[in-house]
Amino acid sequence: MLSLKKLTWEVLVSASINVSAPGKLMLFGEHAVVYGYSCIVTAVDQRVYVKAGFNGKDELVVNAPQLGVSGYRKKVDRLCDQEMPKQVSFIEAVVRRFYQNYGLVRGLEIATRSDFSHSYGFGSSSAITMATATALSKLYLIKLSKKQLFDLCYQAVLDIQGVGSGFDLAAALWGKTLLYKKGARLVKKMILDQLPIVVCYSGVKADTPTLVRQVAEFKRKKPRKVKQIFNKIEQLVLQTEKVIIQKDWQGVGKLMNTNQRLLEDLGVSTLKLEKLNKTALNAGAYGAKLSGAGGGDCMIAVCLQSKRDAVEQALIKAGGEIMPVKLNSKGVTWQKK
Ligand code: MEV
(Lines give C-alpha, C1' and ligand atoms only; values in the text may rest on other atoms or scores of the structure.)
Protein backbone atom coordinates (compact mmCIF):
# COMPACT_ATOMS: atom_id res chain seq x y z
CA MET A 1 0.00 0.00 0.00
CA LEU A 2 1.22 3.50 -0.82
CA SER A 3 1.92 5.64 2.22
CA LEU A 4 0.11 8.97 2.52
CA LYS A 5 3.38 10.84 1.94
CA LYS A 6 4.10 8.87 -1.21
CA LEU A 7 0.51 9.32 -2.41
CA THR A 8 0.67 13.10 -1.86
CA TRP A 9 3.87 13.18 -3.83
CA GLU A 10 2.47 11.09 -6.70
CA VAL A 11 -0.86 12.84 -7.21
CA LEU A 12 -0.03 16.44 -6.43
CA VAL A 13 1.51 17.41 -9.68
CA SER A 14 0.57 15.84 -12.98
CA ALA A 15 2.02 16.79 -16.38
CA SER A 16 5.05 18.07 -14.62
CA ILE A 17 8.81 18.22 -14.58
CA ASN A 18 10.69 16.04 -12.14
CA VAL A 19 14.10 17.27 -11.07
CA SER A 20 16.61 15.94 -8.62
CA ALA A 21 19.71 17.64 -7.26
CA PRO A 22 22.42 16.30 -4.95
CA GLY A 23 23.34 17.47 -1.50
CA LYS A 24 26.94 18.42 -0.80
CA LEU A 25 29.77 17.78 1.55
CA MET A 26 32.46 20.38 2.10
CA LEU A 27 35.84 18.64 2.09
CA PHE A 28 38.30 21.55 2.51
CA GLY A 29 38.28 25.33 2.64
CA GLU A 30 35.06 26.28 4.45
CA HIS A 31 34.74 29.88 5.61
CA ALA A 32 37.78 31.05 3.63
CA VAL A 33 35.70 30.43 0.48
CA VAL A 34 33.28 33.14 1.61
CA TYR A 35 36.17 35.62 1.17
CA GLY A 36 37.20 34.53 -2.31
CA TYR A 37 39.62 31.70 -1.48
CA SER A 38 39.25 28.19 -2.95
CA CYS A 39 37.43 25.24 -1.45
CA ILE A 40 36.88 21.60 -2.38
CA VAL A 41 33.28 20.41 -2.33
CA THR A 42 31.80 17.10 -3.40
CA ALA A 43 28.23 16.23 -4.40
CA VAL A 44 26.77 13.35 -2.37
CA ASP A 45 24.41 10.60 -3.45
CA GLN A 46 21.69 11.89 -1.11
CA ARG A 47 19.38 13.97 -3.29
CA VAL A 48 16.37 16.27 -3.10
CA TYR A 49 13.49 15.90 -5.57
CA VAL A 50 11.27 18.64 -6.91
CA LYS A 51 8.16 18.05 -8.96
CA ALA A 52 6.74 21.18 -10.57
CA GLY A 53 3.84 21.94 -12.89
CA PHE A 54 1.38 24.68 -13.76
CA ASN A 55 -1.84 24.69 -11.75
CA GLY A 56 -3.97 27.10 -13.82
CA LYS A 57 -4.32 29.44 -10.84
CA ASP A 58 -2.58 32.63 -9.84
CA GLU A 59 -0.84 31.14 -6.85
CA LEU A 60 2.22 29.13 -5.89
CA VAL A 61 1.25 26.01 -3.98
CA VAL A 62 3.96 24.11 -2.12
CA ASN A 63 3.82 20.68 -0.56
CA ALA A 64 6.84 19.40 1.29
CA PRO A 65 5.49 16.74 3.67
CA GLN A 66 8.92 15.93 5.13
CA LEU A 67 9.30 19.57 6.15
CA GLY A 68 5.80 19.73 7.59
CA VAL A 69 4.56 21.91 4.72
CA SER A 70 1.20 20.96 3.27
CA GLY A 71 -0.87 23.08 0.86
CA TYR A 72 1.16 26.27 1.46
CA ARG A 73 -0.24 28.95 -0.90
CA LYS A 74 0.93 32.39 -1.98
CA LYS A 75 -0.26 34.66 -4.84
CA VAL A 76 2.50 34.64 -7.47
CA ASP A 77 2.63 38.43 -7.60
CA ARG A 78 3.19 38.57 -3.82
CA LEU A 79 6.10 36.17 -3.42
CA CYS A 80 8.48 37.02 -0.56
CA ASP A 81 6.38 40.06 0.38
CA GLN A 82 6.03 39.07 4.02
CA GLU A 83 7.40 36.63 6.61
CA MET A 84 7.60 33.14 5.11
CA PRO A 85 8.10 29.81 6.82
CA LYS A 86 11.82 29.00 6.48
CA GLN A 87 11.00 25.70 4.74
CA VAL A 88 9.44 27.43 1.72
CA SER A 89 11.48 30.63 1.68
CA PHE A 90 14.09 29.36 -0.81
CA ILE A 91 11.37 28.14 -3.18
CA GLU A 92 9.54 31.47 -3.00
CA ALA A 93 12.76 33.40 -3.53
CA VAL A 94 13.88 31.43 -6.57
CA VAL A 95 10.42 31.48 -8.19
CA ARG A 96 10.25 35.23 -7.59
CA ARG A 97 13.73 35.80 -9.10
CA PHE A 98 12.83 33.66 -12.10
CA TYR A 99 9.52 35.46 -12.65
CA GLN A 100 11.14 38.90 -12.29
CA ASN A 101 13.94 38.03 -14.72
CA TYR A 102 11.65 36.65 -17.39
CA GLY A 103 8.48 38.71 -16.85
CA LEU A 104 6.36 35.67 -16.00
CA VAL A 105 3.43 35.09 -13.65
CA ARG A 106 1.69 31.72 -13.72
CA GLY A 107 0.48 29.62 -10.87
CA LEU A 108 2.66 26.66 -9.97
CA GLU A 109 2.31 23.50 -7.97
CA ILE A 110 5.60 22.43 -6.41
CA ALA A 111 6.24 19.33 -4.33
CA THR A 112 9.53 18.40 -2.76
CA ARG A 113 10.99 15.43 -0.97
CA SER A 114 14.46 14.52 0.15
CA ASP A 115 16.65 11.48 0.76
CA PHE A 116 18.06 13.16 3.85
CA SER A 117 16.99 15.29 6.80
CA HIS A 118 17.66 19.02 6.46
CA SER A 119 19.39 18.81 9.87
CA TYR A 120 22.52 17.10 8.56
CA GLY A 121 24.00 20.11 6.79
CA PHE A 122 24.02 18.47 3.36
CA GLY A 123 22.70 21.64 1.75
CA SER A 124 19.06 20.74 1.23
CA SER A 125 17.98 24.41 0.81
CA SER A 126 20.48 24.99 -1.99
CA ALA A 127 19.65 21.69 -3.66
CA ILE A 128 15.91 22.56 -3.56
CA THR A 129 16.67 26.03 -4.94
CA MET A 130 18.67 24.55 -7.82
CA ALA A 131 16.11 21.84 -8.53
CA THR A 132 13.27 24.42 -8.55
CA ALA A 133 15.08 26.79 -10.91
CA THR A 134 15.90 23.91 -13.24
CA ALA A 135 12.26 22.78 -13.21
CA LEU A 136 11.08 26.32 -14.06
CA SER A 137 13.50 26.67 -16.94
CA LYS A 138 12.25 23.34 -18.36
CA LEU A 139 8.56 24.15 -17.78
CA TYR A 140 8.89 27.51 -19.53
CA LEU A 141 11.32 26.19 -22.16
CA ILE A 142 13.78 28.92 -21.25
CA LYS A 143 17.27 27.82 -22.16
CA LEU A 144 19.72 28.86 -19.49
CA SER A 145 23.44 28.22 -19.41
CA LYS A 146 24.77 26.61 -16.26
CA LYS A 147 26.26 29.93 -15.20
CA GLN A 148 22.92 31.72 -15.72
CA LEU A 149 21.17 29.05 -13.68
CA PHE A 150 23.83 29.36 -10.99
CA ASP A 151 23.57 33.17 -10.87
CA LEU A 152 19.78 33.09 -10.57
CA CYS A 153 19.93 30.61 -7.70
CA TYR A 154 22.80 32.42 -5.99
CA GLN A 155 20.77 35.64 -5.98
CA ALA A 156 17.79 33.78 -4.53
CA VAL A 157 19.91 32.22 -1.77
CA LEU A 158 21.43 35.61 -0.93
CA ASP A 159 17.88 37.08 -0.83
CA ILE A 160 17.14 34.68 2.02
CA GLN A 161 20.43 34.17 3.90
CA GLY A 162 22.31 37.32 3.01
CA VAL A 163 25.66 35.49 3.12
CA GLY A 164 27.37 32.50 1.52
CA SER A 165 29.78 31.50 -1.20
CA GLY A 166 27.36 29.48 -3.34
CA PHE A 167 29.58 26.34 -3.12
CA ASP A 168 26.53 24.22 -2.26
CA LEU A 169 24.66 25.48 -5.35
CA ALA A 170 27.69 24.62 -7.46
CA ALA A 171 27.69 21.06 -6.11
CA ALA A 172 23.94 20.79 -6.78
CA LEU A 173 24.38 22.06 -10.35
CA TRP A 174 27.65 20.64 -11.62
CA GLY A 175 27.86 17.65 -9.31
CA LYS A 176 31.09 15.60 -8.92
CA THR A 177 33.95 17.07 -6.88
CA LEU A 178 34.86 20.67 -7.50
CA LEU A 179 37.62 23.11 -6.81
CA TYR A 180 35.44 26.16 -6.35
CA LYS A 181 35.61 29.91 -5.79
CA LYS A 182 32.78 32.16 -4.59
CA GLY A 183 30.16 33.15 -7.15
CA ALA A 184 31.37 30.30 -9.43
CA ARG A 185 34.38 32.40 -10.48
CA LEU A 186 36.22 29.07 -10.53
CA VAL A 187 34.49 25.72 -11.04
CA LYS A 188 37.03 23.02 -11.82
CA LYS A 189 36.01 19.38 -11.83
CA MET A 190 38.54 17.29 -9.95
CA ILE A 191 39.47 13.73 -10.70
CA LEU A 192 38.28 11.72 -7.73
CA ASP A 193 37.24 8.12 -8.33
CA GLN A 194 37.37 7.44 -4.63
CA LEU A 195 38.13 9.09 -1.34
CA PRO A 196 37.82 6.70 1.59
CA ILE A 197 36.04 8.84 4.11
CA VAL A 198 33.65 8.31 6.97
CA VAL A 199 30.97 10.96 7.49
CA CYS A 200 29.53 11.39 10.96
CA TYR A 201 26.75 13.68 12.19
CA SER A 202 27.52 15.33 15.52
CA GLY A 203 23.89 15.43 16.59
CA VAL A 204 23.79 19.22 16.58
CA LYS A 205 22.23 21.26 13.79
CA ALA A 206 24.47 24.18 12.80
CA ASP A 207 23.22 27.59 11.75
CA THR A 208 25.45 28.54 8.84
CA PRO A 209 24.56 32.27 8.49
CA THR A 210 25.22 32.81 12.22
CA LEU A 211 28.64 31.15 11.98
CA VAL A 212 29.55 33.06 8.82
CA ARG A 213 28.65 36.31 10.61
CA GLN A 214 30.65 35.22 13.65
CA VAL A 215 33.74 34.78 11.46
CA ALA A 216 33.05 38.16 9.82
CA GLU A 217 33.04 39.76 13.26
CA PHE A 218 36.29 37.98 14.20
CA LYS A 219 37.82 39.21 10.91
CA ARG A 220 36.71 42.76 11.69
CA LYS A 221 38.42 42.57 15.08
CA LYS A 222 41.55 40.64 14.02
CA PRO A 223 41.98 41.22 10.28
CA ARG A 224 45.66 40.19 10.10
CA LYS A 225 45.22 37.00 12.06
CA VAL A 226 42.19 35.93 10.00
CA LYS A 227 43.94 36.78 6.73
CA GLN A 228 46.85 34.55 7.79
CA ILE A 229 44.45 31.71 8.58
CA PHE A 230 42.70 32.09 5.21
CA ASN A 231 46.02 32.14 3.36
CA LYS A 232 47.04 28.91 5.08
CA ILE A 233 43.68 27.36 4.19
CA GLU A 234 44.14 28.37 0.55
CA GLN A 235 47.59 26.75 0.45
CA LEU A 236 46.30 23.52 1.90
CA VAL A 237 43.34 23.39 -0.47
CA LEU A 238 45.68 23.67 -3.44
CA GLN A 239 47.98 21.02 -1.96
CA THR A 240 44.99 18.73 -1.36
CA GLU A 241 44.03 18.91 -5.02
CA LYS A 242 47.37 17.30 -5.90
CA VAL A 243 47.44 14.83 -3.03
CA ILE A 244 43.93 13.55 -3.83
CA ILE A 245 44.90 12.85 -7.44
CA GLN A 246 47.87 10.80 -6.18
CA LYS A 247 45.47 8.87 -3.89
CA ASP A 248 47.80 9.65 -1.01
CA TRP A 249 45.22 9.18 1.75
CA GLN A 250 47.75 9.65 4.52
CA GLY A 251 48.66 12.99 2.95
CA VAL A 252 44.97 13.92 2.70
CA GLY A 253 44.56 13.01 6.38
CA LYS A 254 47.45 15.26 7.37
CA LEU A 255 45.92 18.16 5.47
CA MET A 256 42.55 17.47 7.09
CA ASN A 257 44.11 17.75 10.53
CA THR A 258 45.77 21.04 9.57
CA ASN A 259 42.48 22.39 8.18
CA GLN A 260 40.72 21.39 11.42
CA ARG A 261 43.30 23.27 13.53
CA LEU A 262 42.84 26.37 11.38
CA LEU A 263 39.06 26.13 11.81
CA GLU A 264 39.60 25.87 15.56
CA ASP A 265 41.70 29.06 15.35
CA LEU A 266 38.75 30.69 13.56
CA GLY A 267 36.54 29.73 16.51
CA VAL A 268 33.98 27.62 14.64
CA SER A 269 34.77 24.18 16.04
CA THR A 270 32.99 22.65 19.04
CA LEU A 271 34.03 20.28 21.81
CA LYS A 272 31.70 17.62 20.40
CA LEU A 273 33.25 17.86 16.92
CA GLU A 274 36.73 17.76 18.42
CA LYS A 275 35.84 14.72 20.51
CA LEU A 276 34.60 12.94 17.39
CA ASN A 277 37.73 13.92 15.45
CA LYS A 278 39.97 12.60 18.20
CA THR A 279 37.93 9.41 18.41
CA ALA A 280 38.36 8.79 14.68
CA LEU A 281 42.11 9.41 14.87
CA ASN A 282 42.50 7.08 17.88
CA ALA A 283 40.62 4.38 15.97
CA GLY A 284 43.08 4.57 13.09
CA ALA A 285 41.90 7.37 10.77
CA TYR A 286 44.64 9.32 8.99
CA GLY A 287 42.89 12.63 9.55
CA ALA A 288 39.63 14.23 10.62
CA LYS A 289 37.93 17.60 10.47
CA LEU A 290 34.60 19.30 10.76
CA SER A 291 32.78 19.76 7.46
CA GLY A 292 30.79 22.90 6.73
CA ALA A 293 30.18 25.92 8.89
CA GLY A 294 31.15 24.29 12.21
CA GLY A 295 29.10 24.68 15.37
CA GLY A 296 27.71 21.18 14.73
CA ASP A 297 26.60 19.27 11.60
CA CYS A 298 29.08 16.65 10.38
CA MET A 299 32.72 15.73 10.73
CA ILE A 300 34.64 13.66 8.21
CA ALA A 301 37.57 11.30 8.65
CA VAL A 302 39.80 9.73 6.03
CA CYS A 303 40.82 6.15 6.71
CA LEU A 304 41.80 2.96 4.94
CA GLN A 305 39.00 0.49 4.16
CA SER A 306 40.56 -1.91 6.67
CA LYS A 307 40.04 0.65 9.47
CA ARG A 308 36.58 1.83 8.45
CA ASP A 309 34.66 -0.50 10.71
CA ALA A 310 36.72 0.36 13.78
CA VAL A 311 36.45 4.10 13.07
CA GLU A 312 32.68 3.92 12.55
CA GLN A 313 32.11 1.86 15.69
CA ALA A 314 34.24 4.20 17.77
CA LEU A 315 32.35 7.25 16.44
CA ILE A 316 28.98 5.67 17.27
CA LYS A 317 30.22 4.89 20.76
CA ALA A 318 31.28 8.52 21.13
CA GLY A 319 27.74 9.69 20.33
CA GLY A 320 28.02 10.30 16.56
CA GLU A 321 25.68 9.10 13.82
CA ILE A 322 27.32 7.55 10.75
CA MET A 323 26.01 8.93 7.46
CA PRO A 324 26.28 6.36 4.68
CA VAL A 325 26.98 8.81 1.85
CA LYS A 326 28.82 8.28 -1.40
CA LEU A 327 30.79 11.15 -2.89
CA ASN A 328 31.27 12.48 -6.40
CA SER A 329 27.63 12.18 -7.47
CA LYS A 330 26.06 13.66 -10.55
CA GLY A 331 24.64 17.17 -10.60
CA VAL A 332 21.06 18.25 -11.23
CA THR A 333 19.04 15.99 -13.55
CA TRP A 334 15.49 16.28 -14.89
CA GLN A 335 12.76 14.31 -16.64
CA LYS A 336 9.43 15.28 -18.15
CA LYS A 337 6.51 13.24 -16.90
C1 MEV B 1 29.10 26.19 5.13
O2 MEV B 1 28.76 24.84 4.88
C3 MEV B 1 30.37 26.61 4.43
C4 MEV B 1 30.74 28.06 4.61
O5 MEV B 1 31.99 28.26 3.94
C6 MEV B 1 29.68 29.00 4.07
C7 MEV B 1 29.67 29.13 2.56
O8 MEV B 1 30.66 28.87 1.89
O9 MEV B 1 28.60 29.54 2.04
C10 MEV B 1 30.96 28.36 6.08
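What does the net charge come to around K74 if you take all other residues with beta carbon closer than 9 Å to its beta carbon, with K and R at +1 and D and E at -1?
Charge balance near K74 sits at 0.
How large is log10 I(q)/I(0) at q = 0.12, 0.16, 0.17 Å⁻¹ when the Debye formula is applied to the Cα atoms of segment 4-191, each weighted equally and without solvent?
Reported log10 I(q)/I(0), two decimals: -0.53, -0.94, -1.06.
What is the sum of charges, Lys and Arg at +1 and Asp and Glu at -1, for the other residues whose Cβ falls under 11 Å from the Cβ of G107?
Once positives and negatives cancel, what remains is +1.
Give a residue-ordered list of calculated ³J(HN,Hα) values for segment 263-278 (Karplus: 6.51 cos²θ - 1.76 cosθ + 1.60, θ = phi - 60°; whole Hz; x for Gly, Pro).
Values, residue by residue: 5, 5, 4, 6, x, 9, 7, 10, 4, 5, 4, 5, 5, 5, 4, 4 Hz.
Go through segment 199-207 residue by residue and turn each phi into a ³J(HN,Hα) via Karplus (6.51, -1.76, 1.60, θ = phi - 60°); whole Hz please, and just put x for glycine and proline.
Each residue's phi maps through the Karplus curve to give 10, 9, 7, 7, x, 10, 7, 8, 10 Hz.
For G175, what residues show an amide H to amide H distance below 5 Å, using hydrogens built from the backbone and excluding near sequence neighbours?
When sequence neighbours closer than 5 places are left aside, the close amide H contacts are G331, V332.
I'd like the carbon and sulfur percentage of the solvent accessible area for segment 124-246, probe radius 1.4 Å, heavy atoms only, ligands and nucleic acids excluded.
Looking at segment 124-246 in its full context, I get 52 percent from C and S.
So, by mean Cβ neighbours within 10 angstrom, what's the order for 27-34, 310-317 with the highest one leading?
27-34, 310-317
Step by step: find N for segment 74-126, compute 2.2 N^0.38 Å, then divide the Cα radius of gyration by it. What's the final number?
Scaled against compact globular proteins, the figure is 1.26.
Return one quarter of the surface area of the convex hull spanned by the alpha-carbon atoms of segment 156-213, equal to its mean projected area, in nm².
Orientation-averaged projected area of the Cα hull: 5.3 nm².
Please list, ordered by chain and number, the residues whose modelled amide H lies under 5 Å from the amide H of V69; skip anything fewer than 5 residues away on the same chain.
Close amide H contacts, sequence-distant or interchain: A64.
Tilt of helix 223-245 relative to the longest C-alpha principal axis of the chain, in degrees (0 to 90, nearest 10)?
Value to nearest ten degrees: 90.
Could you give me the radius of gyration and the Dmax of segment 103-170, taking only the C-alpha atoms into account and expressing both in angstrom?
Values for segment 103-170 (Cα only, Rg and Dmax): 12.6, 36 Å.
Would you kindly derive the ³J(HN,Hα) couplings of segment 40-54 from the backbone phi angles with the Karplus curve 6.51 cos²θ - 1.76 cosθ + 1.60 (θ = phi - 60°), listing them in order in whole Hz, with x for Gly and Pro?
10, 10, 10, 7, 9, 7, 8, 10, 10, 10, 10, 10, 9, x, 6
Give the carbon-plus-sulfur fraction of the accessible surface of segment 24-76 in %, rounded to a whole number; probe 1.4 Å, heavy atoms of protein chains only.
Carbon and sulfur atoms account for 49 percent of the accessible area of segment 24-76.
Projected onto the charge dipole of segment 197-322 (+1 at Lys/Arg Cβ, -1 at Asp/Glu Cβ, origin at the Cα centre), which of V226, N259, M299 gives the Cα projection farthest towards the positive end?
V226
Sort 73-82, 50-59 for me by packing, meaning the mean count of neighbouring Cβ atoms within 10 Å per residue, highest on top.
Sorting 73-82, 50-59 by mean packing, highest first, produces 50-59, 73-82.
Say the dipole of segment 4-191 comes from +1 at the beta carbon of Lys and Arg and -1 at that of Asp and Glu; which of G162, M130, Y72 then lies farthest toward its positive end?
Of G162, M130, Y72, it is M130.
What does the convex hull of the Cα atoms of the chain come to per residue, in Å³, rounded to a whole number?
Cα convex hull per residue, to the nearest whole number: 135 Å³.
What is the chain's relative contact order, in percent, from Cα pairs under 8 angstrom and six or more apart in sequence?
24
So how strong a dipole does segment 197-322 carry about its Cα centre when Lys and Arg Cβ are +1 and Asp and Glu Cβ are -1, to the nearest 20 debye?
The calculated dipole for segment 197-322 is roughly 560 debye.
Once you compute Rg and the Kirkwood Rh from C-alpha atoms, what is the Rg to Rh ratio for segment 225-337?
1.02
Among the listed pairs K232/K254; K205/K242; K181/K222; K205/K254; K176/K225, which are separated by more than 25 Å between their Cα atoms?
Violating the 25 Å limit, Cα to Cα: K205/K242; K205/K254; K176/K225.
Accessible area per residue for the chain in Å², computed with a 1.4 Å probe and the full protein assembly in place, what is it?
Ligands and nucleic acids excluded, the figure is 44 Å² per residue.
Mean residue ellipticity at 222 nm from the helices of the chain, using -39,500 (n - 2.57) per DSSP H segment of n ≥ 4 over the full residue count, to the nearest 500 deg cm²/dmol?
Taken over the chain, the calculation gives -14000 deg cm²/dmol.
Give me the net charge of K326's neighbourhood, meaning all other residues with Cβ under 14 Å from the Cβ of K326; Lys, Arg count +1, Asp, Glu -1.
+2
The values are calculated or read from the model by the stated rules, or taken from the named source; none is laboratory data. For clarity, every value in this text was computed on a predicted model and none was experimentally measured. Counting neighbours? That spans all protein chains shown, and the Cβs are built from the backbone with ideal geometry, glycine included. Protein only, heavy atoms only, side chains kept; ligands, DNA and RNA dropped before computing areas. Shrake-Rupley method; radii C 1.70, N 1.55, O 1.52, S 1.80 Å.
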